[in-house]
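Novice: This structure is in structure tokens; I'll ask about it shortly.
The values are calculated or read from the model by the stated rules, or taken from the named source; none is laboratory data. Just so we're clear, the structure is a prediction, and the values are computed from it rather than from any experiment. Please note: Cβ atoms are built from the backbone with ideal geometry, for glycine as well, and neighbour counts cover all protein chains shown. Quick note on the areas: whole protein, heavy atoms, side chains included, nothing else; ligands and nucleic acids left out. Shrake-Rupley method; radii C 1.70, N 1.55, O 1.52, S 1.80 Å.
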Amino acid sequence: MAAFGYTETLERSTGRFASFAVAFAFVSIATGIFTTYGSVLKSSGPLGIWTWPIVVVGQLAVALLLGSLAARIPVTGYAYQWVSRLANPILGWITGWISFTFLAIVVVAVDYTVASTVVPALFDFTGTAATAFLITAVVLLLQALLVALSTKWTERVNNFAVTAELVGMVSLVVLLFIVGVAAHKLSVGNLFSRGDIPADGYWSFGTATTAGPWMLGFLLGAFTIVGFESAANLAEETKKPEIVVPRAMWQAVLASGVLGFLFLLVVTAAVNDPTALAQSGTPIADVIRDILGSFVGTALLVLVAIAIFACGLVILMSGVRLIWAMSRDERFPGWQFLHRVSPRFRTPLNATVAFTIIAAVILGLFSTSTDALFKLFSAATLLPIIIYAIVVALYAATRRRLPTSAGFTLGRWEIPVLAVAVIWLVFALALFRDASFTDPWIYVLIMVALGALYLAYLLVTRGRQGLKMPEMGSIDAELDPAAAEVKDVAP
């Protein structure tokens, strides 16, 4: 840490599987597919699942590039640190603020899914805005308690959840295929069906304010295959982060992509009536119950609940680390209070409390909306794409002067991977021109405006030099400039 201008303050205990589990839990194919499969059936029909492999390839390219940065700058704060050090602190602060905005909204989006769809289906009751708010608040509080009191127990819970999700998803794929074939309930024709989506204009790119039906299908993967970079936000707590973190990121994307697509194929083939299923609030659970019975269907809901809890847990932990990292550099509102590490729990306790309160406020603002879930998901899909675009553009601009990597490099594959990532991100950003994403764009603009006000305050009170990052050099010079000057003049 001294090489990056910091002292070691967090406990470095995260191993290989725990790092992978953090990245995999954030991606959480069980959460993403369960949540967005129905909307893809409505917008693109079953044929929309074929966009998934394209998203996986694009996000894998992004993960490899971000992994390359994580190996060179293995410091908590991920995109905020990378952009601040390789471009300038102002752009880095903006990227950090957008990352904070994303994490604050996505933790609410994920936890709200449990409250609005999974719990009502599991206990067979009709949910309301009030019950969804209360359940989400309870889930958020439980996650905050874990993150605040013990990083080790947070990782243990997450490791268990990821193991359960991996075993459960593989088991479901195998069972659905075997039982579906034996009962003659699998239809290959479903995989190429548009449902009730008209053929005319299906493959269109759309207009200036609308995206074509097939383009909207990309949202299934775009919402799901994100957050793998969360492993980099625990870099200061990871053993050999320059090796472990990049590997955890690309392996999480690859594992999620392959397993998720196999699950999508077998579930879609098992659909009885795609048009009718699109109207269900829990289409995945309905298919499982139809093929494997109510017991397995209920077991799926339990699995999804575990996966969603772990996903929200990792998101909250990542958001806390980002706030703490920006506060350590005196760049987040209330940094005097938020940069402290609890001597008893060895966790950023104050940052955990602050992030939880912020998420609760966002929950309160969205809880009265009848389509809160769509707005939350849309904003949570848009923001990471913006962050990835900023970081990849920076990588392209600075790749010839990046710090030396001690653990992971792309070598001769750097240019092809960069090209794939750029093409994918340009296409992904084009998805959000659709008029249905107006509210998410408004949310983003409001949060950016609030951040701009605080950034202006920092620039006025400190000046541009006041935002300078600690040098990648001796920590002694940062902590004691006077002593450093004495050394310089000493014979």
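Novice: Could you work out the relative contact order of the chain, using alpha carbon pairs under 8 angstrom and six or more residues apart, expressed as a whole percent?
Specialist: Details: 812 pairs, mean separation 165.7, N = 491.
Reported as a whole number, the value is 34 percent.
Novice: Semi-axes, largest first, in whole Å: what does sqrt of 5 times each Cα gyration tensor eigenvalue give for the stretch 216-280?
Specialist: Numbers: eigenvalues 234, 29, 12 Å².
Listed largest to smallest, the semi-axes of the stretch 216-280 are 34, 12, 8 Å.
Novice: Hey, can you find the accessible area per residue of the chain for me, probe 1.4 Å, expressed in square angstrom? Working shown, then result.
Specialist: Numbers: 19330 Å² over 491 residues.
That works out to 39 Å² per residue.
Novice: Here's something else I'd like to know. Points 7 angstrom from Cα along the Cβ direction at K239 and R400: gap in nanometres?
Specialist: 4.0 nm
Novice: Ranked highest first by average number of other Cβ atoms within 10 Å, how do 3-15, 397-409, 229-241 line up? Could you put the intermediate results ahead of the total?
Specialist: Values: 3-15: 15.8, 397-409: 13.8, 229-241: 25.8.
Per-residue mean Cβ counts within 10 Å order the peptides as 229-241, 3-15, 397-409.
Novice: To continue, here is another question. Using only Cα atoms, locate the centre of the stretch 247-290 and the centre of the stretch 127-196, then give the distance between them in Å, rounded to an integer.
Specialist: Taking the Cα centre of the stretch 127-196 as reference, the centre of the stretch 247-290 is 11 Å away.
Novice: Here is a further query. Which one of V27, L459, L254 is farthest out on the positive end of the charge dipole of the chain, using unit charges on Cβ (Lys, Arg +1; Asp, Glu -1) and the Cα centre as origin?
Specialist: Value computed over the given set: L459.
Novice: Hey, another quick one. To the nearest µm²/s, what D does Stokes-Einstein give for the stretch 247-406 at 20 °C and 1.002 mPa s, using the Kirkwood radius over alpha carbon pairs as Rh?
Specialist: Working: Rh = 19.8 Å.
It comes out at roughly 108 µm²/s.
Novice: Label K152 and T438 with points 7 Å out from Cα along Cα→Cβ: what is the distance between them in nm?
Specialist: My value for the distance between the label points is 5.3 nm.
Novice: What number in nm² do you get for the chain if you take the convex hull of its Cα atoms and divide its surface by four?
Specialist: On the way: hull surface 95.2 nm².
For the chain, averaging the hull's shadow over all directions gives 23.8 nm².
Novice: Given a Förster radius of 22 Å and the C-beta distance between F125 and L365 as r, what FRET efficiency does 1/(1 + (r/R0)^6) yield to the nearest 0.05? All intermediate terms of the calculation are to be shown ahead of the outcome.
Specialist: Numbers: r = 25 Å, r/R0 = 1.14.
With R0 = 22 Å, the Cβ-Cβ based efficiency is 0.30.
Novice: Of the listed peptides 85-98, 268-281, 125-138, 446-459, what is their order by residue-averaged count of other C-beta atoms within 10 Å, with the highest listed first?
Specialist: Details: 85-98: 20.8, 268-281: 17.6, 125-138: 15.6, 446-459: 13.9.
The densest-packed peptide leads the list: 85-98, 268-281, 125-138, 446-459.
Novice: Kindly sort D200, D434, D111, D286 by accessible area of their heavy atoms, largest first, with the probe set to 1.4 Å. Let's see the in-between values first.
Specialist: Values: D200 145, D434 25, D111 0, D286 55 Å².
Of D200, D434, D111, D286, the descending order of accessible area is D200, D286, D434, D111.
Novice: Choose one of L394, L41, T51: the residue whose Cα lies farthest towards the positive end of the charge dipole of the chain (beta-carbon charges +1 Lys, Arg; -1 Asp, Glu; about the Cα centre).
Specialist: My answer, from the dipole projection, is L394.
Novice: Report the accessible area of I54, computed with a 1.4 Å probe over the heavy atoms of all protein chains in place, in Å² rounded to the nearest 10.
Specialist: Spelled out: I54, probe radius 1.4 Å, area about 90 Å².
Novice: Further question: With +1 on each Lys and Arg Cβ and -1 on each Asp and Glu Cβ, and nothing else charged, work out how big the dipole of the chain is about its Cα centre, in Debye to the nearest 20. All intermediate terms of the calculation are to be shown ahead of the outcome.
Specialist: Working: 29 positive and 27 negative charges, 152 e Å.
So the dipole magnitude of the chain works out to roughly 740 debye.
Novice: Loop only per DSSP, at most 12 neighbouring Cβ atoms within 10 Å: give me the trypsin sites (Lys or Arg not before Pro) in the stretch 317-389, ordered by residue number. Before the final figure, lay out the partial values.
Specialist: On the way: sites: R321, R328, R331, R340, R344, R346, K375; in loops: R331, R340, R344, R346.
Here the sparse-neighbourhood loop sites are R344.
Novice: Ratio of the stretch 196-316's C-alpha Rg to 2.2 N^0.38 Å, to two decimals? Please list the in-between numbers first.
Specialist: Details: Rg = 18.3 Å, N = 121, 2.2 N^0.38 = 13.6 Å.
With N residues counted in the stretch 196-316, Rg over 2.2 N^0.38 Å equals 1.35.
Novice: Carbon and sulfur: what percent of the chain's accessible surface (1.4 Å probe)?
Specialist: Values: 13120 of 19330 Å².
Within the chain, the accessible surface is 68 percent carbon and sulfur.
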